[in-house]
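Read the structure below first, then the notes.
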Amino acid sequence: MTKAEIRTFIEEMENIGDKWTEEQVKRCYGDCTLEEALRDRRGALGTFFDIIGKVINR
């Protein structure tokens, strides 16, 4: 990803309360496109929230 794409990723994730630094994005998603990174992270968060919801609603 380019620096601009990394900043976009960070902004998009901050909008949903998921804080990232540039270093974290480079380490985890540096070889991905912005679209791939957003899709992957949103999917992971969706799974996490589903699990949390199931635990809370027991």
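Annotations for the structure displayed:
- Solvent-accessible heavy-atom area per residue, rounded to whole Å², over the range 17-58 at 1.4 Å: 79 Å²
- Estimated vicinal HN-Hα couplings, Hz - the range 19-27 in sequence order (Karplus 6.51, -1.76, 1.60; Gly, Pro = x): 7, 9, 9, 4, 4, 5, 5, 4, 5
- The angle between the Cα long axis of helix 34-56 and the longest principal axis of the Cα atoms of the chain comes to about 20 degrees, rounded to the nearest 10.
- Within straight-line cross-link reach of Lys3, lysines at Cα separation under 27 Å, skipping those fewer than 8 residues along the same chain: Lys19, Lys26
- Stokes-Einstein diffusion for the chain, with the hydrodynamic radius set to the Kirkwood value over Cα pairs and evaluated at 25 °C in a medium of 0.890 mPa s, equals 204 µm²/s.
- The dipole here belongs to the chain: it is taken about the Cα centre, uses +1 on the Cβ of Lys and Arg and -1 on the Cβ of Asp and Glu, and is about 280 debye.
- With every protein chain in place, the chain: carbon and sulfur % of accessible area (1.4 Å): 51 percent
The values are calculated or read from the model by the stated rules, or taken from the named source; none is laboratory data. Bear in mind the structure is a predicted one, so any value in this text is a computation, not a measurement. Reconstructed Cβ throughout: ideal geometry from the backbone, glycine too, with neighbour counts over all protein chains shown. Accessible surface areas use protein heavy atoms only, side chains included; no ligands, DNA or RNA. Shrake-Rupley method; radii C 1.70, N 1.55, O 1.52, S 1.80 Å.
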